[in-house]
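Peer 1: Here you go, one structure.
The values are calculated or read from the model by the stated rules, or taken from the named source; none is laboratory data. Just so you know, these numbers come straight off a predicted model, no measurement behind them. Counting neighbours? That spans all protein chains shown, and the Cβs are built from the backbone with ideal geometry, glycine included. When the accessible area is computed, the model is the full protein with side chains, heavy atoms only, and any ligands, DNA or RNA have been set aside. Shrake-Rupley method; radii C 1.70, N 1.55, O 1.52, S 1.80 Å.
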Amino acid sequence: MQQSIAELLQSDQFLQEVHLKGWVRTFRANRFIAVNDGSTINNIQCVIDFSTTDDTLLKRITTGAAIAVTGILIESQGKGQSVEIQVNEIEILGDSNPEEYPIQPKKHSFEFLRENAHLRVRTNTFSAVMRVRSALSFAVHKYFTENGFYNLHTPIITGSDAEGAGEMFRVSTLDPNNIPKNEDGEIDYSQDFFGKETNLTVSGQLEAETYAMALTKVYTFGPTFRAENSNTTRHLAEFWMIEPEVAFMDLNGNMDLAEDFIKAVIKYVLENCKDDLTFLDERFTKEESTKPAQQRSEMSLLEKLNFVVENNFKRVTYTEAINILRNCKPNKKKKFQYLIDEWGTDLQSEHERYLVEKHFKCPVILFDYPANIKAFYMRLNDDGKTVRAMDVLFPGIGEIVGGSQREERYDVLKEKIKALDIDEKELWWYLDLRKFGTAIHSGFGLGFERLVQFTTGMGNIRDVIPFPRTPQNAEF
Ligand code: 4AD
Ligand code: MG
C-alpha cells in the first residue's frame, strides 16, 4: 500500500518495504532525492545507489519530476530527518525538463510566483499557506456545527445589492452587441435570462437573515464578489466570506460570538498545523527583519496568534475612537493621509491600524458607528444618529469582520430604505421578515482570506487564495 510522506515520517516500522509517490524537490550528489507529496511541509529523503542505477534514469530525476519509489524505511544516518528510504526501485512517472521548469530550488519573488500560480503551490511557503487555509476552513464548519448552527448555501446570483455600495458584477446573457432597449431607451432586462437585472452577490447576509428567522442559528460560507477598483494588499474581487446570523441575539452577543469564533479557529490551527506554522513563523521573522525598525512587527507570528487566543479584544465605540484619533500624534502632525477632523467621518485603514497597532496594541471591536457611513439594514440607536454596527480590527490587517444588529422594526426599516432611495420592490421579502414574527437578530461577515492572511503572516492577500481575482487579472 502506498503511504503518504507524512505517515512515513512518523513511522517506526523500520526495515519494511514501503511505496511512495511524489515530486522531486532536489537531487543532490546523484544520491539524495528530497521528495514531497504535499501531505506535510517536510520532504522525505530517498537514497539511491547510483552505481547500480541506470545513467539515463539518473538524468531524469530532476526538480519537479513525478516519481514512484519502492524501498526500505531506515533510521536516518544524516542530520535533519528521523527516517529515510533506501531505494530499491524508482520509476519516473512524469518528467520535468529542468531547462523549462520555473520553480527551481531557490528563493523566488512572490510576484514571479503569482505569474506561475499554477505551480506555486509546489513551494514550501504556498503549500504551507494552502494547508493552513484548508484547516481553517474545516475549523469554521467545526465551530459552527458544534455550537448548534446550520450551514446554509446562499445564492451566488442575486437581484439585490446587500451592501448598497453598487460594486457588483453583472450577470447577463444579453448579446453585448445587440442590447434590447425599451421605449425610454433603457436596457430591457425583461429579455434577459432571469427577466430582471442580476449580479454576483456581495454578501449572503440578507438571505441568511431569512433562515435565521426560522432556524435561529445559521451561517453561510461562500464566495462573494466586489467590483471595487482597489489594488491593495487586502482586497480581492472574488473572496470567501463567513456569515453567521442569529435570531434573538443583540450586538453584545454578536461581539461575543465574533471574538469566541476567531479565537476558536486560530486555536484549532495552532494545535493542528504545527509544522506549517513553525515554517511560516520563521519565514515571517525573516521577512520582518528586512523592514525598517519602526515598521517591524513586535511579535513573531506564533506570538501574535497566541496573543489573539489568550487576550480579550478591546471594545470601543466609534465616538471614543474618533476622540483618540483626533488627538493622536500622526493626526496632529498631519502624518495621516486622511486627517480626522469631525465626528462622522469614515475610518480609513491607516486609522484602524493606528488604533490596533499603536494605541490599544490588541484586537479592537469598534461599535456604534454613525448611521450615514453604514449599510441600510443596521439597527438605529435611540440617539437617532448611530447604528448598532461593529467592526473587528486586527493588527497588520485592519478590518477583518464587519457586522451589526439588524433593524427589526418594519416602519424604521421602510423609512430607511425610502430615505436611501433603495428600490423597495427588490426587498419585499426582506421587509416581510419584519412583518411576520420579527425579532431582534444580529450577524457578521468575516473575510476568510483576511483571516488566512493573519494566521499565516502573509503580507499580500493575493498569496493566500489559490487563484486571486483582482483588477486586470483573471489568469488561470
Ligand atoms: O464589512 P463587509 O462589507 O460586511 C458585509 O458584507 C456584511 N453583509 C456582513 C454581514 O454582516 N453578514 O464585509 C465583511 C468582511 C470585511 O470585514 C472583510 O474582512 C471582508 O469581508 N472583505 C473583503 N475581503 C477581501 N477583499 C475584499 N474586497 C473585501 N471586502 C470585504
Ligand atoms: Mg465593512
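Peer 1: Loop only by DSSP, 13 or fewer other Cβ within 10 Å of the Cβ. Give me the chymotrypsin sites (Phe, Trp or Tyr not before Pro) in the range 320-391 that pass, ordered by residue number.
Peer 2: Loop-located and lightly packed - Tyr338, Trp343.
Peer 1: Hey, another quick one. Can you grab the distance from the C-alpha centre of the range 378-432 to the C-alpha centre of the range 13-61, Å, no decimals?
Peer 2: Going from one Cα centre to the other spans 59 Å.
Peer 1: While we're looking at this one, here's another question. Starting from the residue with the highest accessible area, list Glu352, Glu238 in decreasing order, probe 1.4 Å.
Peer 2: Solvent-accessible surface, decreasing: Glu238, Glu352.
Peer 1: Less than 19 Å apart at the alpha-carbon level, and either on another chain or at least 8 residues along: which lysines does that give for Lys181?
Peer 2: Qualifying lysines at Cα under 19 Å: Lys196.
Peer 1: Here's a follow-up. Rounded, prolate or oblate: which fits the chain when a ≥ b ≥ c are the square roots of the eigenvalues of the alpha-carbon gyration tensor, with rounded for a/c under 1.5 and prolate only if a/b beats b/c?
Peer 2: Prolate, since a/c reaches 1.5 and a/b exceeds b/c.
Peer 1: Taking R0 as 22 Å, what FRET efficiency do you get between Phe32 and Asn116 from their Cβ-Cβ distance, rounded to the nearest 0.05?
Peer 2: So, using R0 = 22 Å, E works out to roughly 0.25.
Peer 1: Let me ask something else. Among Gly437, Val464, Val412, which residue has its Cα positioned farthest towards the positive end of the charge dipole of the range 411-476, with +1 placed on the Cβ of Lys and Arg, -1 on the Cβ of Asp and Glu, and the dipole taken about the Cα centre?
Peer 2: Projecting each Cα onto the dipole axis, the largest value belongs to Gly437.
Peer 1: Sort Phe467, Phe444, Phe436 by accessible area with a 1.4 Å probe, largest first.
Peer 2: Phe436, Phe467, Phe444
Peer 1: For the range 160-234, which trypsin sites (Lys or Arg not before Pro) are both in a DSSP coil and crowded by at most 14 other Cβ atoms within 10 Å?
Peer 2: Answer in residue order: Lys196.
Peer 1: For Lys314, which sequence-distant residues (separation of 5 or more, or a different chain) have an amide H within less than 5 Å of its own amide H, given hydrogens modelled in the peptide plane?
Peer 2: When sequence neighbours closer than 5 places are left aside, the close amide H contacts are Val364, Ile365.
Peer 1: Right, something else. Using Cα pairs closer than 8 Å and at least 6 residues apart in sequence, work out the relative contact order for the chain, in percent.
Peer 2: 13
Peer 1: Contour minus end-to-end for Leu57 and Ser172, with contour as 0.36 nm per residue of separation and end-to-end as the Cα-Cα distance?
Peer 2: Full extension from Leu57 to Ser172 adds 36.0 nm.
Peer 1: With θ taken as phi - 60° and the coefficients 6.51, -1.76 and 1.60, list the Karplus ³J(HN,Hα) couplings across the range 382-392 in order, rounded to whole Hz; mark glycine and proline as x.
Peer 2: 5, 5, x, 10, 10, 10, 7, 9, 9, 10, 9
Peer 1: About the Cα centre of the chain, how large is the charge dipole given +1 on each Lys and Arg Cβ and -1 on each Asp and Glu Cβ? Please answer in debye to the nearest 20.
Peer 2: So the magnitude is around 1580 debye.
Peer 1: Which is farthest toward the positive dipole end of the chain among Leu302, Thr232, Leu15, measuring Cα position about the Cα centre, with Cβ charges +1 (Lys, Arg) and -1 (Asp, Glu)?
Peer 2: Projecting each Cα onto the dipole axis, the largest value belongs to Leu302.
Peer 1: Where Rh denotes the Kirkwood radius from the mean inverse Cα pair distance, what is Rg over Rh for the range 41-155?
Peer 2: Taking Rg over the Kirkwood Rh, I get 1.12.
Peer 1: How big is D, in µm² s⁻¹, for the range 317-401 by Stokes-Einstein at 20 °C and 1.002 mPa s if Rh is the Kirkwood radius over C-alpha pairs?
Peer 2: 164
Peer 1: Can you pull the semi-axes for the range 5-101, root of five times each eigenvalue of the Cα gyration tensor, sorted largest first, whole Å?
Peer 2: In descending order the semi-axes read 21, 15, 12 Å.
Peer 1: For the range 144-248, what is one quarter of the convex hull surface built on the Cα atoms, given in nm²?
Peer 2: 9.1
Peer 1: Pairs Lys21/Lys79; Lys332/Lys358; Lys374/Lys414; Lys291/Lys314; Lys304/Lys329; Lys332/Lys374: which exceed 18 Å Cα-Cα?
Peer 2: Lys21/Lys79; Lys291/Lys314; Lys304/Lys329; Lys332/Lys374
Peer 1: For a label point 7 Å from the Cα of Phe194 along Cα→C-beta, name the residues of the range 201-234 whose backbone N is under 11 Å from it.
Peer 2: Residues passing the 11 Å test: 201-202.
Peer 1: Something else: Expressed in nm², what is the orientationally averaged projection area of the convex hull enclosing the Cα positions of the range 359-476?
Peer 2: The directionally averaged projection comes out at 10.5 nm².
Peer 1: Stretched out fully, how many nm does the piece from Trp428 to Asn323 gain, at 0.36 nm a residue minus the Cα gap?
Peer 2: 33.8 nm
Peer 1: Here is a follow-up. Would you mind calculating the gained length between Asn311 and Asp341 on full extension (0.36 nm times residue separation, minus the Cα-Cα distance), in nm to one decimal?
Peer 2: 7.6 nm
Peer 1: Now for a different question. Taking the full set of protein chains and a 1.4 angstrom probe, give the accessible area of His141 in square angstrom, rounded to the nearest 10.
Peer 2: Using a 1.4 Å probe on the heavy atoms, I get roughly 60 Å².
Peer 1: To check you understand DSSP bridge types, tell me what percent of the beta bridges within the chain (both residues inside) are antiparallel, rounded to 5.
Peer 2: 85
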